[in-house]
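What follows is one structure encoded as structure tokens, with my remarks underneath.
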Amino acid sequence: MGQQPILTVNNLNIDVSTPYGVTRTVRDVSFKIEAGKVFGLVGESGSGKTMTCMSLLNLLPDEAKVVKGSIQFRNKDILNYSEEDMRKVRGSEIATIMQNPMTAFNPVRTIGRHFIETLRTHLPITKHQAREMAVAYLEKMDLPYPKNLLKQYPFQLSGGMLQRVMIAITMSLNPSILIADEPTTALDATNQLQILKQLNWLRKEYDTGILLVSHDLGVIAQLADEVAVMYGGYIVEKAPVFKLFNRPMHPYTRVLLESRIGLTRRKTKIVKHISVPPPNLINRENTCPFLERCEDADHTCSSYNLELKEYEKDHLVRCLKSR
Amino acid sequence: MKNVKRKLLSHKLMMISSMIIFIMTLLALFPPFLAPNDPNLIDITHKLQGSSSKFPLGTDHLGRCILSRLIYGTRTSLGTAFLVMGLTMMISIPLGIYAGFRGGWVDYLFMRMCDILMAFPSLLLSLALIGILGPGLGNLILAMVLVHWVFYARVIRGMVLSVKEQNFILAAKVCGTPRLVIVIKHILPAIISQVVVLVFMDIGGVVLAISSFSFLGFGIQPPGAEWGMMINDSKPFFRNAPSLMLYPGMMILIVVVAFNLFGEALRDALDLRRE
């Protein structure tokens, strides 16, 4: 298990046209997700994480377009799917947990109707069977009184419960890939832990490959097997989770790890990173996106062709100065 | 829902206007039982009489009972107004939702078409259409629907645009829900209350427009009873019998005001401004 990747992304490039010009929000992104493994995607806001996720579902907004690259799902390119084929894949094969559980449910419809609608979209079952399935899956998510829950409206539940309901809905269709786009950002710490435990249980129980997107390094460290750090649309560093946390090679990864809040007060060395505004990606030439904010940059960096380099086995870095 | 009900009941204007609408609806539904006389019975010997026990509101220049004509006129006016609104909605709801949800060039084309049609005053455009089609109630309805749907479709499109961007629509898409299901089960329920308010706010205007067309002689043809036409008929006798013009005018006023108040109260009760 886990040898053959289920989903492979190759050299993905996404352009977004804005009134001010064209931005390449995702550049040259490649990764693969294997069954039962968790692939973590970290990066600051606007680094291209969500765009990457949406492209996996073929649900990019109208202004965004994949200009280069391929997304292989079970050896077929998703980008060539018809709208109808893609719809069938969504939910049943590639499921998603949305960022903000409180808004992901239609406020005028009960939990049960959401659940049953999704089940019956993909499975040829009756309403009664769907309801039984829903109850069973809600129970698996440790949700109390699943039968009553089905009759309740989204606003009657807490954010953590809604998130678990959402996971229950996505898992009931037994997808092979689960995209978790910041599943814990809207939740408090105790709920976060529960959600992470449940995600972990899912991949063990169902062998689901998970794409975990977050800007919370703690969440990534908990769950991910392999991590990619995104910055300015590029994957700047990709490595197994322990290697990345123990020996960050890219200067951005280093500042990112340093910026975490620790129990002891440390002297921060990231003054330059904070004082320089984030890079403007509109009409940017192919220079290192971290150039202006980097502590280690020198004159050689401006002519760097941004090639990914393998410094160790599985440890890829997109930097000249990596130590 | 409980909240909405309570708000509606506590609203005084709402109670009054809905009572009026209820009475008007009764008048429109059962004129044969409520009207004291045959509205089309011409009796020149009784022409232009004041009120009496036989003719509570008097008679017109052909000796027809005014009260009976008013009651039968309710059926024409309200019935036509609701028919126009219903048909308009049947066109503008699907088209508005389609344009808003689909977006892209379909939406662009649709919007430009709306712009062109809305560049003309709607009354003028309806008049031109009736001029082409010829006078008559059927043609009047057709002309009004053809002119009015643009406005509503445009508003509905706007509502859909704001709902479409909601996170739960994206969530439904992500779950692989078919588009038609998203439209019927997620988008329609989200906009329908606003559409209902819109309909009730505007139906008074439609009543007014129908009366204006009848006044001009384009609507229902004689001897059928209609308020606007009754005003037109009584023009020559205005000096001798002003009540002839007053009664249908009052009816139009009451109905239009009642519907406007009703629509406003409905809007307050559903609290649409907060959304």
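A few points about this structure:
- Among residues of the stretch A:51-82, those that are facing chain B (nearest Cβ under 8 Å) and more than 18 Å from the chain's Cα centre (by Cα), counted: 1
- Residues satisfying the stated conditions in the stretch A:18-72, i.e. assigned to a loop (DSSP other than H, G, I, E, B) and closer than 20 Å to A:Leu223 by Cα: A:Ala35, A:Gly36, A:Lys37, A:Glu44
- The stretch B:58-74 residues that are more than 16 Å from B:Ile254 (Cβ to Cβ) and free of Cβ contacts under 8 Å to residues at least 60 places away in the same chain, paired with ones that are among the hydrophobic types (A, V, I, L, M, F, W, C) and part of a helix (DSSP H, G or I) (beta carbon under 8 Å, 6 or more apart): B:Thr59/B:Ile66; B:Leu62/B:Ile44; B:Gly63/B:Ile44
- Where a residue in the stretch B:172-193 is more than 7 Å from chain A (Cβ to nearest Cβ) and under 21 Å from B:Leu266 (Cα atoms) and its partner, wherever it lies, is assigned to a helix (DSSP H, G or I) and charged (D, E, K, R), with Cβ under 8 Å and at least six apart: B:Ile187/B:Lys164
- Helices (runs of 4 or more DSSP H) wholly inside the stretch B:183-275 containing at least 3 residues that are out of contact with any His (no Cβ under 6 Å at 6 or more places or on another chain) and of a type in the set (Phe, Trp, Tyr): B:188-215, B:243-270
- Scan the stretch A:34-50 for residues that are more than 11 Å from the chain's Cα centre (by Cα) and surrounded by fewer than 24 Cβ atoms within 10 Å (Cβ to Cβ) and the total you get is 7.
- Scanning the stretch B:123-168 for residues that are small (Gly, Ala, Ser) and under 25 Å from B:Gln221 (Cα atoms) returns B:Ser126, B:Ala128, B:Gly131, B:Gly134, B:Gly136, B:Gly138, B:Ala143.
- Check on B:Ser18, surrounded by 13 or more Cβ atoms within 10 Å (Cβ to Cβ), of a type in the set (Ser, Thr, Tyr) and under 30 Å from B:Ala265 (Cα atoms): yes
- Residues of the stretch B:107-124 classified as closer than 23 Å to B:Val206 by Cα and surrounded by 12 or more Cβ atoms within 10 Å (Cβ to Cβ), total: 7
- Residue match in the stretch A:84-91 (condition: hydrophobic (A, V, I, L, M, F, W, C) and within 29 Å of A:His114 (Cα to Cα)): yes
- Number of positions in the stretch A:225-250 that are among the aromatic types (Phe, Trp, Tyr) and in a strand (DSSP E or B): 2
- Restricting the stretch A:147-188 to residues that are among the β-branched types (Val, Ile, Thr) and touching a Pro at 6+ places or on another chain (Cβ under 9 Å), the residue that is surrounded by the fewest Cβ atoms within 10 Å (Cβ to Cβ) is A:Ile167.
- Within the stretch B:209-232, the presence of a residue that is in contact (Cβ under 8 Å) with a residue 24 or more places away in the chain, buried (at least 16 other Cβ atoms within 10 Å of the Cβ) and within 14 Å of another protein chain (Cβ to nearest Cβ) is excluded.
- The set of residues from the stretch A:220-265 being at pLDDT below 85, among the hydrophobic types (A, V, I, L, M, F, W, C) and farther than 18 Å from A:Val317 by Cβ comprises A:Ile261, A:Leu263.
- For beta carbons closer than 6 Å, sequence separation of 6+ or different chains, a first residue in the stretch B:34-47 that is touching a residue at least 24 places away in the same chain (Cβ under 8 Å) and a second that is among the basic types (Lys, Arg), the qualifying pairs are B:Pro39/B:Arg69.
- Residues that are in contact with a helix residue (DSSP H, G or I) (Cβ under 9 Å, 6 or more places away or on another chain) and surrounded by fewer than 19 Cβ atoms within 10 Å (Cβ to Cβ), drawn from the stretch A:229-241: A:Val241
- On inspection, A:Glu226 qualifies as buried (at least 16 other Cβ atoms within 10 Å of the Cβ) and at negative phi.
- Residue check, A:Ile195 within 12 Å of another protein chain (Cβ to nearest Cβ) and outside any loop (DSSP other than H, G, I, E, B): no
- Residue match in the stretch B:133-156 (condition: under 19 Å from B:Thr88 (Cβ atoms) and loosely packed, with under 14 Cβ neighbours inside 10 Å): yes
- Restricted to helices (runs of 4 or more DSSP H) entirely inside the stretch A:83-140, those with at least 2 residues that are within 12 Å of chain B (Cβ to nearest Cβ) and touching a residue at least 12 places away in the same chain (Cβ under 8 Å) are A:83-92, A:111-122.
- Out of B:Gly249, B:Gly205, B:Gly224, B:Gly263, sole residue that is over 23 Å from B:Phe22 (Cβ atoms) and not hydrophobic (A, V, I, L, M, F, W, C): B:Gly224
- Qualifying residue in the stretch A:18-26 (condition: closer than 25 Å to A:Trp201 by Cβ and of a type in the set (Lys, Arg)): no
- Failed condition for B:Thr45, given (1) closer than 15 Å to B:Asp233 by Cβ; (2) surrounded by fewer than 19 Cβ atoms within 10 Å (Cβ to Cβ); (3) at pLDDT 75 or above: (1)
- Residues in the stretch A:156-173 that are away from chain B (no Cβ under 12 Å), in contact (Cβ under 8 Å) with a residue 40 or more places away in the chain and not in a helix (DSSP H, G or I): A:Leu157 only.
- Here the condition is being within 30 Å of A:Ile94 (Cα to Cα), in contact with a helix residue (DSSP H, G or I) (Cβ under 7 Å, 6 or more places away or on another chain) and either within 14 Å of another protein chain (Cβ to nearest Cβ) or part of a helix (DSSP H, G or I) (or both); of B:Ile141, B:Ile156, B:Ile169, B:Ile91, it holds for B:Ile169 alone.
- Test: residue in the stretch B:68-77 that is surrounded by 14 or more Cβ atoms within 10 Å (Cβ to Cβ), at pLDDT 75 or above, closer than 19 Å to B:Gly228 by Cα and aliphatic (A, V, I, L, M): yes
The values are calculated or read from the model by the stated rules, or taken from the named source; none is laboratory data. The shown structure was predicted, so the numbers you read here are calculated from the model rather than taken from an experiment. Every residue, glycine among them, receives a Cβ derived from its backbone with ideal geometry; neighbour counts consider all protein chains shown.
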